[in-house]
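Engineer: One structure, pasted below without further comment.
The values are calculated or read from the model by the stated rules, or taken from the named source; none is laboratory data. The shown structure was predicted, so the numbers you read here are calculated from the model rather than taken from an experiment. Backbone-built Cβ (ideal geometry, glycine too); neighbour counts: all protein chains shown. Each accessible area value is taken on the protein alone, full model and side chains, heavy atoms only, with ligands, DNA and RNA left out. Shrake-Rupley method; radii C 1.70, N 1.55, O 1.52, S 1.80 Å.
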Amino acid sequence: MSARATVLLHPDFRVGEIDRRLFASFVEHLGRAVYTGIYEPGHETADEHGFRRDVADLTRELGVSMVRYPGGNFVSNYVWEDAVGPVEDRLPFIDLAWRTIEPNTVGTDEFLQWAEREGIEPMMAVNLGTRGVAAAAALVEYCNGEAGSRWADLRIANGREKPYGVKLWCLGNEMDGPWQIGHKDADEYGKLAAEAGKAMRLVDQSIELVVCGSSSMMMDTFGSWEQTVLEHTWDVVDHVSMHAYYEELDGDRASFLGSGTAMDRFIRRVEASADAVAARRRSEKVVTISFDEWNVWYLQSRFPGEKNLPLQRDAPRIIEDVYSALDAVVVGDLLVTLLNHADRVPVACLAQLVNVIAPIMTEPGGPAWRQPTFHPFATTARLARGTALDLRVSGPSLTTVAHGDVPVVTAAATLDGSDVAVFLVNRSAEPVEVELSHPGVTLALGRGVQVTADHEPAVEGPEHAAALAERHVSEVDGPASATGSTVVTLAPESWTALPGTLTRT
């Protein structure tokens, strides 16, 4: 007999509205994310600006609403002024983060105009590693200023009359990390971020600011970092950042499948840290979370570390993880967690978009294709609309080494008018029967998408990715319309998304 779980679902129980920026991504000057990723003049699909049309089409299919740029670790020794103006006048430099010669061919204008053409909102980061207040304020002026000031007039001279109107800005990147160029302690960074943010807002009062939170829940300074930094920046910032990556270590499949529980705990602890600062300050302000880096990344088992990278040029292949269907199930589960925190997580960036730990891969001069992780993200971005519902899940637990006991079944649901989408994950190796309890409400679920985990190692290339999708990504029919209760059977180690309607009886 299959294990059983119950999910209580009702339209009156709500988490919060879903911000479309929850389905954001990230393009850093790292490896082949930019060059031969989004940008490759001479490619058969390249547009008149040199950007790959095949990648742009897949980005639209993926449902990406916003892209963070230009880093990432890269931003902490980046001089943005060197990458604007005539391309032939720009000088290459050594990016100290990833030990790569950066040609500066793509810079602020090229990226922002690409985003504009593709209908993507930009999220910009400023360098608070090797630079500071003046350069940050100048970049806001360059992007958003009206004619008649130094940096806005430079933008106009470079061919862009209309301000870009960039709304969301990161105050540096991972400044808690010793690996970061210009790493600072919490007190030092908090003071700098407060002053930079103040200056940036004096240029454009409409912007939103993200202050650096912890690079990981495992950092020694986690918790204390958030509280110290927010004490300094409370009156200036809107969001605090979170970064987290997950991987299967030493064959511990159960812990990997339970990664969503680790993400949930991380979010709750950052919320608690921010709310503690609000309480001490007797403030009604709510600082929300920008989860601006998250994904499956085999950081410990596949990546040699930045210090071990040779100095390279010409867009080297760095961190090009090849994903399995198991990875896709975990990505789907992480999306469930993000939906369940829609009230406090308005922004989340799948890191990254192309080639670097990415759902989209390319070959220089060749094709672009979807990795298995593409499918749960694209489906969730398409179906999750309106309001995230507050579900109550009860059922069996799975014992893991890394996280203790975790729920076998996780679930999220969204409601937009009468349109509903239900997302269900089975983390166990056996089928699970899930009763969706919806008293006084009629639920009709239609045809959706299911991803089932595999057990074979991932193999690089479009042919293997297509074969994996054919075997492990499928359409699945929801049960017939019912009032009060609906039963769905979940395949072992699977992620399922079912659209439908929810109406009161």
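Engineer: Need the full-extension length gain, Arg385 to Asp275, defined as separation in residues times 0.36 nm minus the C-alpha distance. One decimal, nm. Numbers along the way, then the final one.
Structural biologist: Working: separation 110, 0.36 × 110 = 39.60 nm, distance 2.74 nm.
Extending this stretch completely gives an extra 36.9 nm.
Engineer: Between helix 259-280 and the chain, what is the angle of the helix's C-alpha long axis to the longest principal axis, kept within 0 to 90° and rounded to the nearest 10?
Structural biologist: 60 degrees
Engineer: Give me the angle, in degrees from 0 to 90, between the Cα long axis of helix 53-62 and the longest principal axis of the Cα atoms of the chain, rounded to the nearest 10.
Structural biologist: Tilt relative to the chain: about 40 degrees.
Engineer: Compare the peptides 76-82, 353-359, 400-406 by average per-residue count of other Cβ atoms within 10 angstrom and give them in order, highest first.
Structural biologist: Highest to lowest by the protection proxy: 353-359, 76-82, 400-406.
Engineer: With every protein chain in place, what's the accessible area of Ser290 (1.4 Å probe, Å², nearest 10)?
Structural biologist: Rounded to the nearest 10, the figure is 0 Å².
Engineer: Equivalent ellipsoid semi-axes for the chain, as square roots of 5 times the alpha carbon gyration tensor eigenvalues: give them largest first, rounded to whole Å. If you can, show how the numbers build up before the last one.
Structural biologist: Details: eigenvalues 278, 137, 96 Å².
Ellipsoid half-lengths, sorted descending, are 37, 26, 22 Å.
Engineer: Calculate how steeply helix 325-339 sits against the longest principal axis of the alpha-carbon atoms of the chain, using the helix alpha-carbon long axis, and give the answer as 0 to 90 degrees to the nearest 10.
Structural biologist: That works out to roughly 80 degrees.
Engineer: What are the principal axis extents of the Cα atoms in region 237-355, in Å, biggest first?
Structural biologist: For region 237-355, the Cα spread along each principal axis is 50, 35, 22 Å.
Engineer: How high is the FRET efficiency between Glu116 and Asp12 when r is their beta carbon distance and R₀ equals 35 Å, given to the nearest 0.05?
Structural biologist: 0.30
Engineer: Based on the Kirkwood radius over alpha-carbon pairs, what is the Stokes-Einstein translational diffusion coefficient of region 309-444 at 10 °C with 1.306 mPa s viscosity, in µm²/s?
Structural biologist: Numbers: Rh = 17.4 Å.
In µm²/s, the coefficient rounds to 91.
Engineer: Tell me the carbon and sulfur percent of the accessible area for the chain, rounded to whole percent, probe radius 1.4 Å.
Structural biologist: C and S fraction of accessible area: 51 percent.
Engineer: Could you report the accessible area of Asp12 in Å², rounded to 10, computed with a 1.4 Å probe on the protein chains as they sit in the structure?
Structural biologist: Only protein atoms counted, so the area is about 90 Å².
Engineer: How big is D for region 39-148, in µm² s⁻¹ as a whole number, if Stokes-Einstein is applied with the Kirkwood radius of its Cα pairs at 25 °C and 0.890 mPa s?
Structural biologist: Rounded, D is 162 µm²/s.
Engineer: Please give the contour-minus-distance gain from Ala480 to Glu44: 0.36 nm per residue of separation, less the Cα-Cα distance, rounded to one decimal in nm.
Structural biologist: Here the segment from Ala480 to Glu44 would lengthen by 152.3 nm.
Engineer: Amide H of Arg99 versus every other amide H placed in the peptide plane: which residues, excluding those fewer than 5 positions away on the same chain, fall under 5 Å?
Structural biologist: Long-range HN contacts for Arg99: none found.
Engineer: Show me the ranking of peptides 184-191, 426-433 by mean Cβ neighbours inside 10 Å, starting with the highest.
Structural biologist: For the peptides 184-191, 426-433, the packing ranking is 426-433, 184-191.
Engineer: Something else about it: Report D for region 1-79 in µm² per second (integer): Stokes-Einstein, Kirkwood Rh on Cα pairs, 10 °C, 1.306 mPa s.
Structural biologist: 99 µm²/s
Engineer: Taking the inverse of the average 1/r across all pairs of different Cα atoms in region 136-177, what Kirkwood radius in Å do you get?
Structural biologist: For region 136-177, the Kirkwood estimate is 11.1 Å.
Engineer: How do the peptides 327-333, 487-493 rank, highest first, by the average count of neighbouring beta carbon atoms within 10 Å per residue?
Structural biologist: Top of the packing list down: 327-333, 487-493.
Engineer: List the residues, sorted by chain then number, that are 5 or more residues from Val345 or on another chain and whose placed amide H is less than 5 Å from its amide H.
Structural biologist: Amide H neighbours of Val345: Ile289.
Engineer: Quick one: which of Lys167/Lys307; Lys162/Lys285; Lys184/Lys285; Lys162/Lys198; Lys184/Lys307; Lys167/Lys191 span more than 30 angstrom between C-alpha atoms?
Structural biologist: Numbers: Lys167/Lys307 34 Å; Lys162/Lys285 33 Å; Lys184/Lys285 26 Å; Lys162/Lys198 24 Å; Lys184/Lys307 19 Å; Lys167/Lys191 22 Å.
Violating the 30 Å Cα-Cα cut-off are Lys167/Lys307; Lys162/Lys285.
Engineer: May I pose another question? Can you sort Phe23, Phe222 by solvent-accessible area, 1.4 Å probe, largest first?
Structural biologist: On the way: Phe23 0, Phe222 45 Å².
Largest accessible area first, the residues go Phe222, Phe23.
Engineer: Which value, in Å², gives the accessible area per residue of the chain when a 1.4 Å probe is used on the protein heavy atoms?
Structural biologist: Counting only protein heavy atoms, the per-residue value for the chain is 37 Å².
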